[in-house]
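Notes for the one structure printed next.
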Amino acid sequence: MKTKIVLGLFAALFLSVPLTQAIVPKPAEEQSEPIAITGAVIHVGNGSVITDGVLAFDQGVITYVGTDANRPDFFNHQVIDVQGAHIYPGFVLPNSTLGLSEIANLRATNDVVEEGDINASVRSAIAYNTDSELIPTFRFNGILTAQIAPQGGLISGRSSVMNLDGWNWEDALLAEDGAMHMHWPSRTRRERNEITGQFETVDNENYQAQTQILHGLFQNARSYTGEPLNLNLQAMAPLFTGEARLFIHANDARMIASSVQFASSYGVQEIVLVGGRDAMKVKDLLLSESVAVVYESVHALPVREWYDVDEPFKVPFQLHSAGLLVGIGGGETSLDSQRNLPFFAGTAAGYGLDRETALSMVTKHNAEILGVDDQVGTLEVGKNATFFVSLGDALDMRSSQVQEAFVQGRLIDLYGTQQELYERYYERYSNQPLEQ
């Protein structure tokens, strides 16, 4: 049976998800019957668009993407006509502390940094808090998958990729311990001049010592046999077999070159550059070493006064044109900006990239960089049914209206604190006469 509905009523009409007034929405129920969504503009995520398209999924997996709405196997499907709305793959957010940090100034709510320079054995997955009040604010912008990464030190630890829905970290886990995070030391640092009170750039007197620590770690990790037990060295082993990727956090051109050459000299198989502000200056090195880039500075100011004011907006296009695999990040683990990930891609689309390529940088490309492109990132048969429905352009903050979202086929509740407060005060003040 085919049902025409108004978007926003999915929950009430076929899965009975209640709009309860709760700070953190209840995790979604498993998909109970096959569903086919028709009449959609489907943005596949790989650059192609299907108009008047059909997306079908069952048991959390996509079973059909195309234009034939009259397939015989749809007779047992719940058929939903979305009347020209847009369907996008869920956005994939790299390099985030979502679920690890709640209130920045309240130490008890932050589980992001461990003591010491070397923390290779740290696993972010087990610290991930599915009850974070920040998660719903990401989901109603279409961000449904995120890489949860530790911070601090030279080697921060291992990140995992999470679905943004689940009762606990085990339920939310999509890919476990797939990346090790290294912060390459800077040759300079900023400090306040005691006389003038101004901040100045000075040499980092600890640079040589910090790089020697990293050399010692990688040398020992490569020769480690398993005895005696050393959790840090044990955690490093997958880097040399290609089972895990090394995410190097660096922005300055010299730092990028030094760190990539360092990792390559020790036989690290998969390297990803995170930050990448000066990546264009060393693009030949990045290409020769097959280094992917997560560019984090789309909405940042230019770092040099002689640069064009819109210089950061152009970098994704420049890197893509150079032949690099480029994903867009949310701004260096700054949670107050990361929920705007799709709008960073929208800005990049205004500075050289076509819109579907920009979309792929927050879907397909990010999924490839995180090693989960076999599950998410594009709307293709056999992949997870992780997507959302929007009335407008999801890369444009003026028209984006995410109506419904699915994670592995589960219809999630997008109603959160922001919506509750809006409704509360709209009801209170919308009909009040203006004071004279």
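The values are calculated or read from the model by the stated rules, or taken from the named source; none is laboratory data. Please read all numbers here as calculations on a predicted model, not as lab measurements. Note: ideal-geometry Cβ built from the backbone for every residue, glycine included; neighbour counts use all protein chains shown. Side chains are part of the model used for accessible areas, which takes the heavy atoms of the whole protein and leaves out ligands, DNA and RNA. Shrake-Rupley method; radii C 1.70, N 1.55, O 1.52, S 1.80 Å.
General observations
- Scan of region 231-254 for residues that are open to solvent by 30 Å² or more (accessible area, probe 1.4 Å) and either closer than 16 Å to residue 186 by Cβ or in contact with a Lys or Arg (Cβ under 7 Å, 6 or more places away or on another chain) (or both), ordered by number: 240, 251, 252, 254
- Residue that is under 12 Å from the mean Cα position of the chain (by Cα) and either at pLDDT below 95 or open to solvent by 10 Å² or more (accessible area, probe 1.4 Å) (or both), where the choices are 363, 333: 333
- Output for region 243-289, where each listed residue is hydroxyl-bearing (Ser, Thr, Tyr) and within 25 Å of residue 223 (Cα to Cα): 258, 259, 264, 265, 266
- If you check 370, 391, 353, 395 for being closer than 18 Å to residue 55 by Cβ and not acidic (Asp, Glu), only one passes: 391.
- Within region 101-118, considering residues that are outside any loop (DSSP other than H, G, I, E, B) and modelled with pLDDT under 95, the one nearest to residue 169 (Cα to Cα): 101
- Within region 391-427, the only residue that satisfies the criterion of being modelled with pLDDT under 90, aromatic (Phe, Trp, Tyr) and open to solvent by less than 40 Å² (accessible area, probe 1.4 Å) is 415.
- Note on region 308-332: residues that are of a type outside the set (A, V, I, L, M) and in contact with a strand residue (DSSP E or B) (Cβ under 6 Å, 6 or more places away or on another chain) amount to 5.
- Residue check, residue 92 in contact (Cβ under 8 Å) with a residue 24 or more places away in the chain, within 30 Å of residue 151 (Cα to Cα) and of a type outside the set (Gly, Ala, Ser): yes
- The residue that is most open to solvent (accessible area, probe 1.4 Å), among those in region 336-360 that are over 19 Å from residue 43 (Cβ atoms) and in contact with a Gly (Cβ under 9 Å, 6 or more places away or on another chain), is 339.
- Of all residues in region 257-276, exactly one satisfies the criterion of being touching a His at 6+ places or on another chain (Cβ under 9 Å) and open to solvent by 20 Å² or more (accessible area, probe 1.4 Å), namely 266.
- When region 280-296 is filtered for residues that are assigned to a loop (DSSP other than H, G, I, E, B), open to solvent by less than 20 Å² (accessible area, probe 1.4 Å) and not β-branched (Val, Ile, Thr), only 296 remains.
- A count restricted to region 186-210 and to residues that are touching a residue at least 40 places away in the same chain (Cβ under 8 Å) and within 12 Å of residue 154 (Cα to Cα) stands at 2.
- Enumerated strands (runs of 3 or more DSSP E) restricted to region 119-212, each holding at least 1 residues that are over 26 Å from residue 270 (Cα atoms) and open to solvent by 60 Å² or more (accessible area, probe 1.4 Å): 188-192, 199-203
- Cβ-Cβ contacts under 7 Å between residues 6 or more apart (or on different chains), taken from a first residue in region 305-318 that is under 19 Å from residue 359 (Cβ atoms) to a second residue that is open to solvent by 50 Å² or more (accessible area, probe 1.4 Å) and among the hydrophobic types (A, V, I, L, M, F, W, C), are listed as 315/280; 318/280.
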